[in-house]
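K.L.:
This is the structure I have questions about; it appears just below.
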Amino acid sequence: MSATPSAPSLHIVIAGAGPAAQALVRRLAGRSDSRQRAFDGTITVLSNRDECPDALLELAELPQVSVRFGQPASFIDADSKIVTTVDGMEFAYDQLVIATGSAPVLPPVAGAESSLSYSTIDDAANIGEAVKDVTRIVGRRPLGILVGNGPAAGQAEAVLRARGVRPVRTTLRPAAVVASAAGSPLPATGILFEDGSSMNGDLVVIAEERTARNDLAESAGLLVASDGGIAVGRDLATSVPGIWAIGDAASCDGLRLGLLLSAESSAMLCASGMLLGSPGFADLQAPLAA
């Protein structure tokens, strides 16, 4: 009696290596929940970075995970299920996840590296830790300068208020962020406008608008939302079967996914859809939290 052939191993390719991609790899490899069994397959992560952050290096050491550094995806042949990188390397996939994130709409403000940044829900935790430090240093409720006028700025203001900061918000873009005086433990304490006027506080948060990186979506013929993000349904499936989008590259219910779901939450939804089956793209217009 001949043996029953085993089912072929599932191969997942993830285009992108940021927080959402890393969370998905952890979820698929069973590292997010000790009760979860890792799926029986392999994962290839295509990263546009040559350097390897510690979190990604840890994932690259897993036996079922292969990380290709400095090899960002540049083209998707959805019919043949092949992803091509900028150097011409080709990777076949059973399921493909686009996690290429977003990019700032405007060039960075001078000195912005000394300020705090808010672009996705995941940034709330970092801001919370920074607020604790500033509060301890100043010994009172901090005064925060918030730059921005879109949905991200609205979320950042709510985050600051919830953590005891008095936010002063400006929609006028500054010319520069003013770093604190030499020797001060505070990072940035104010902003400077082109006319020479300024706003001062105990911390600075920049929450300007970003645009999804959707070049890959266009190469694969995926539906793109009105805000420029890759259109996904509640299960994070795109308009093409077998292709998913997570993190700030995707858009659902009229908002960038990064403003709706944390990296861990989107990874959980995407992994469940890929491995357990999902209704597909039919619920595109349904609210994500429904």
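No lab work stands behind these numbers, since they all come straight from the coordinates. Here the structure is a predicted model, which is why all the values come from computation and not from measurement. Don't worry about glycine lacking a Cβ; one is built from the backbone with ideal geometry, like all the others, and counts go over all protein chains shown.
K.L.:
Scan the chain and hand back the longest stretch that contains none of the GluC sites (Glu not before Pro) lying in DSSP loops with at most 16 other Cβ atoms within 10 Å.
P.N.:
Looking at the chain, 62-193 is the longest stretch - no exposed GluC sites (Glu not before Pro) with at most 16 other Cβ atoms within 10 Å.
K.L.:
Give the shape of the stretch 49-135 as rounded, prolate or oblate, defined through the alpha-carbon gyration tensor: a ≥ b ≥ c are the square roots of its eigenvalues, a/c under 1.5 means rounded, and otherwise the shape is prolate if a/b is larger than b/c and oblate if not.
P.N.:
prolate
K.L.:
Another question about this same structure. At 7 Å along the Cα-to-beta-carbon direction for both ALA110 and GLU129, put a label point, then send me their distance in nm to one decimal.
P.N.:
So the two model labels end up 3.1 nm from each other.
K.L.:
Here's a follow-up. Once the Cα atoms of helix 123-138 and of the chain are each reduced to a long axis, what angle between those two axes, in degrees from 0 to 90 to the nearest 10, is obtained?
P.N.:
Helix 123-138 sits roughly 30 degrees off the main axis of the chain.
K.L.:
Looking at the chain only, what percent of DSSP beta bridges run antiparallel? Nearest 5 please.
P.N.:
Bridges in the chain that DSSP calls antiparallel: roughly 40 percent.
K.L.:
May I pose another question? Enumerate the amide H contacts of GLY30 below 5 Å, restricted to partners 5 or more residues apart or on another chain; note that Pro and chain-start residues carry no placed amide H.
P.N.:
Close amide H contacts, sequence-distant or interchain: PHE39.
K.L.:
Continuing with the same structure: I'd like the orientation of helix 263-276 relative to the chain: the angle between its Cα long axis and the longest Cα principal axis, in ° from 0 to 90, rounded to 10.
P.N.:
Orientation of helix 263-276: about 10 degrees from the principal axis.
K.L.:
Sticking with this one: With N set to the number of residues, divide the alpha-carbon radius of gyration of the stretch 46-205 by 2.2 N^0.38 Å and report two decimals.
P.N.:
In units of the 2.2 N^0.38 Å rule of thumb, it is 1.35.
K.L.:
For the stretch 127-229, what class follows from the C-alpha gyration tensor (a ≥ b ≥ c being the square roots of its eigenvalues): rounded when a/c is under 1.5, otherwise prolate if a/b is larger than b/c, else oblate?
P.N.:
Verdict is prolate for the stretch 127-229.
K.L.:
Of all DSSP beta bridges located in the stretch 82-235, what percent are antiparallel, nearest 5?
P.N.:
55
K.L.:
Angle between the Cα long axis of helix 151-162 and the longest principal axis of the chain, 0 to 90 degrees, nearest 10?
P.N.:
60
K.L.:
So, one more: Just checking my list (1) 155; (2) 167; (3) 120 against volume of the Cα convex hull per residue in Å³ computed from this structure; which label fits?
P.N.:
(2)
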